[in-house]
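The values are calculated or read from the model by the stated rules, or taken from the named source; none is laboratory data. Keep in mind that what you see is a predicted model, and the values were worked out from it rather than measured. Don't worry about glycine lacking a Cβ; one is built from the backbone with ideal geometry, like all the others, and counts go over all protein chains shown. SASA here: full protein model, heavy atoms, side chains in, ligands and nucleic acids out. Shrake-Rupley method; radii C 1.70, N 1.55, O 1.52, S 1.80 Å.
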Number of protein chains: 2
Amino acid sequence: MREVSIVGIGQTEVGEHWDRSLRDLAVDAIQAALSDAHFHNVDALYVGNMLAGELAAQRHLGALIADWAGLGPIEAVRLESADASGAAAVRMGVLAVASGARDVVLVCGVEKTTDADDQSTNAAWSTGIDAEYEAVQGVSVPAIAGLMMRRYMHQFKVQREAFASFAVNAHANGASNPHAMYQRPISAEAYAGAGMVADPVGMFDVAPLCDGAAALVMCPTTMAIDLCPKPIHVRASAVATDRLAVHSRRDPLYLQAAHASSQQAFQQAGVAPDDIDLFELHDAFTILAALSLEACGFAEQGQGIQMAQEGAIALRGRIPISTMGGLKARGHPIGATGVYQIVELVMQLRGEAGANQIDARLGMAQSLGGSGGTAITHILKA
Amino acid sequence: MREVSIVGIGQTEVGEHWDRSLRDLAVDAIQAALSDAHFHNVDALYVGNMLAGELAAQRHLGALIADWAGLGPIEAVRLESADASGAAAVRMGVLAVASGARDVVLVCGVEKTTDADDQSTNAAWSTGIDAEYEAVQGVSVPAIAGLMMRRYMHQFKVQREAFASFAVNAHANGASNPHAMYQRPISAEAYAGAGMVADPVGMFDVAPLCDGAAALVMCPTTMAIDLCPKPIHVRASAVATDRLAVHSRRDPLYLQAAHASSQQAFQQAGVAPDDIDLFELHDAFTILAALSLEACGFAEQGQGIQMAQEGAIALRGRIPISTMGGLKARGHPIGATGVYQIVELVMQLRGEAGANQIDARLGMAQSLGGSGGTAITHILKA
């Protein structure tokens, strides 16, 4: 298996892009990544997207975006794993280069949710949970998160206000990320006073669905070392799944997929949680941030919240998370999010994270689909 | 790069499955493939599907089907390349095994179109063509095929009746495939007398959208030779794309993606078109069958029709196509079709094709997305 490295990154601002079409956003990110890599030709394109089929009446994004970006008749397909679609595309890029089948590959995650009304977008998002056993009952993705959060509060005797630490941290970091959707810090009081989305999930517990695109250029490490001043190396790539419906899981508060994929990733990289310098996790909901820290071995079960309250997740903490704002403040352009996480990790490992820069040599990113049915983990090294 | 082989195949009957849900169909095919391979455990599942997000309000099929099939917390993602989604899943399976990342992988293509009305299904199918430049004008996938067919008739001075040979051949072969949707031969007169779908595309020029699932088990060739009495070897796997909108192509009658991916496949396998014993091509429309034969080097441009009329595509012909009925008679369960093609190729190469058996050592399958924006080619060897 060939070693794989990342030699180019690109991203659009995250937010509401009323003047740009889905394909334009993708091309913007791709051109930025190719320019960053100083590459003109690539062998393949893997696209992560969840909702364009429904929200833009457009599937077949592999061929479309290869065409629109002027990449020529290259290999191109689309991957979908609900919210983890972007990370699934990264996974396929890693396999293509590792196998020797392709040398230089592009990965692009793209989503445009603002072309549809909120109700349609929310309904479409809920196709990531079980249609026949969850969504059919009227629950949406935020409602499932609400059920998990309430159960957590009950089981571990935690007050709702304790979850504020995740949102406050994410917004503090997003404030100095020029690509973030929300660039303003929030206070714990603002968190407590915000309206409910799906009680106890409040407005500051849930990441905003929005528009954005991010892209990566990857190639074999041997080539990267020759061509790139600061190649970032992929030390692990692991996908795992769980029962799709939360009610089917033995413990609704244990993210088995997150656990399994992080364990595989640690093993591939030959490292332990203590070796990880930062962790870009899937904070689509504050409850998922807490459960991810626990499932991946950064906190004991029931201790994720306390860890956040103690400041361990801050930029200068023991295990910084959401260093560029996370899904909460950078925004959650669904199928693009998994690629944004990797782009931000590369920025940190290159030392290009500006005001948010931390001292990091080894970083981990994990993207979840739905309520944790899929978890895709990558570990990168400077 | 490790060599990859196929050690198990499974399929459901193709047709209208009113009593089976999408997930049930997928599980049926997976269980059949695992049983055929005598395997119980797999490391990963790659799912090909185009339309479940829209027609069943269900995305995230990787996790769902891994869950429903009881495969445990394995790696699972979904791939989509319009009609070529199943073949895209095969491609990812090949990369996963070839890279060494996974040893035993399942590939499953599944589609269920009959839960929605015909108009919704047709509109959803048309998300495989360009939403902003083609579908927005009111054209559908059959309408695009109609434009291509009329241009072909004009440019190469061909009568509409000449296309009958493809439909007659496909239905003749489907008649003895117990899994086919249509198991009755048709005559050239029936073809000529059938109603129009999108003039000049008649009812017998277009493959029926329907329900079905097919699955494969793949592993490294070294393992396959130890474990399987008749492993079938993947000698080539190639994806290529074209401009998505037909009007953007230099020649609307030349399938550049089909050409590029078949050329790559021939090169990988070290063979020429003359070495191929059968060709499971993408006859979603008779015009695409003709254009595929031409783009892949089996016929000169403008000669694909004549080749069919001369009987070269029949079971005893020079290059048999659609040997189990093709998309036309076996049926076109969209995201499953690319996997059905491989399953049928394996049956032929194993000598398990029953009444349709031909003498074959080397077979090729090619799946197209939309109007040819994506082409995915695999070459298999007994």
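How many Å² of accessible surface get buried when A and B come together, counting both sides, probe radius 1.4 Å, rounded to the nearest 100?
By this definition, chains A and B bury close to 4700 Å².
Would you work out if the protein assembly as shown is rounded, prolate or oblate? Take a ≥ b ≥ c from the square roots of the eigenvalues of the alpha-carbon gyration tensor; rounded if a/c is under 1.5, else prolate when a/b is larger than b/c, oblate otherwise.
Prolate is the answer for the protein assembly as shown, as a/c is 1.5 or above and a/b outweighs b/c.
Taking 22 Å as R0, compute the FRET efficiency from the Cβ-Cβ separation of B:Q301 and B:A188 and round it to 0.05.
Taking R0 as 22 Å, the efficiency between B:Q301 and B:A188 is 0.35.
Helix A:256-269 versus the longest principal axis of chain A: what is the Cα-based angle in degrees, 0 to 90, to the nearest 10?
40 degrees
Testing the spin-label approximation: label points 7 Å from Cα along Cα→Cβ at B:K157 and A:I358. State their distance in nm.
7.4 nm
Using each residue's phi in the range B:365-382, evaluate 6.51 cos²θ - 1.76 cosθ + 1.60 at θ = phi - 60° and report the 3J(HN,Hα) Karplus result to the nearest Hz, with x for Gly and Pro.
Result, ordered by residue: 10, 9, 10, 10, x, x, 9, x, x, 10, 9, 10, 10, 10, 10, 10, 9, 6 Hz.
List nothing, just return the count: lysine pairs in the protein assembly as shown, 8 or more apart or interchain, with Cα separation under 27 Å.
9
Taking a probe of 1.4 Å, how large is the accessible area per residue of the range B:236-360, in Å²?
Spelled out: the 1.4 Å probe surface of the range B:236-360, per residue, equals 29 Å².
Under the 0.36 nm per residue contour assumption, what length would be gained going from the current alpha-carbon distance of A:S248 and A:E3 to full extension?
This chain segment gains 84.5 nm when fully extended.
Tell me, what is the per residue accessible area of the range A:45-97 in Å², probe radius 1.4 Å?
Ligands and nucleic acids excluded, the result is 11 Å² per residue.
Which of the residues in the range A:68-89 show a loss of at least 50 Å² in accessible area from their chain by itself to the complete set of protein chains, at a probe of 1.4 Å?
A:P73, A:E75, A:V77, A:R78, A:E80
What residues have an amide H closer than 5 Å to that of B:G48, excluding those fewer than 5 places away on the same chain, when H is modeled at 1.01 Å from N in the peptide plane?
The list, which skips near neighbours in sequence, is B:L79, B:C108, B:G109, B:V110.
Taking the simple approach of a point 7 Å from Cα along Cα-to-Cβ for both A:D24 and A:R150, what is their distance in nm?
Placing both labels 7 Å beyond Cα along the Cβ direction yields 4.3 nm.
What does the net charge come to around A:D83 if you take all other residues with beta carbon closer than 12 Å to its beta carbon, with K and R at +1 and D and E at -1?
The answer is -2.
Can you send over the carbon and sulfur percentage of the accessible area for the range A:32-96, probe radius 1.4 Å, protein chains only?
Carbon-and-sulfur percentage of accessible area, whole number: 51.
Highest GNM mean-square fluctuation, chain B, Cα pairs closer than 10 Å: which of B:C108, B:C228, B:C210?
Taking springs between Cα atoms under 10 Å, the residue moving most is B:C228.
Using a 1.4 Å probe on the protein chains only, how many percent of the accessible area of the range B:161-256 belongs to carbon and sulfur?
56 percent
Using a basic spin-label model with each label point 7 Å from the Cα along Cα→Cβ, how many nm lie between B:Q31 and B:K230?
2.4 nm
Compare A:E80, B:E54 by solvent-accessible area with a 1.4 Å probe and give them largest first, with all protein chains kept in place.
B:E54, A:E80
Pairing the Cα long axis of helix B:164-174 with the longest principal axis of chain B, what angle in degrees results, from 0 to 90 and rounded to the nearest 10?
30 degrees
Angle check, please: helix A:334-350 long axis (alpha carbons) against the longest principal axis of chain A (alpha carbons), in degrees 0 to 90, nearest 10.
Tilt relative to chain A: about 70 degrees.
Counting only other chains, and only Cβ atoms inside 10 Å, what mean value do you get across the residues of A:21-33?
Partner-chain Cβ atoms within 10 Å, mean over residues of A:21-33: 1.
Can you give the helix-only mean residue ellipticity at 222 nm for the protein assembly as shown, where every DSSP H stretch with n ≥ 4 adds -39500 (n - 2.57) and the sum goes over all residues, rounded to the nearest 500 deg cm²/dmol?
That calculation yields -11000 deg cm²/dmol at 222 nm.
Separation of the range B:301-319 and the range A:1-27 by C-alpha centroid, Å?
Taking the Cα centre of each part, the range B:301-319 and the range A:1-27 sit 45 Å apart.
So for the protein assembly as shown, taking the charge dipole from beta-carbon charges (+1 Lys/Arg, -1 Asp/Glu), which of B:H38, B:A365, B:N169 sits furthest toward the positive end?
Among B:H38, B:A365, B:N169, the one farthest towards the positive end of the dipole of the protein assembly as shown is B:H38.
Using the Cα centre of chain B as origin and beta-carbon charges of +1 (Lys, Arg) and -1 (Asp, Glu), tell me which of B:Q263, B:A314, B:P231 is placed farthest towards the positive end of the dipole.
Going by the charge dipole, the pick is B:Q263.
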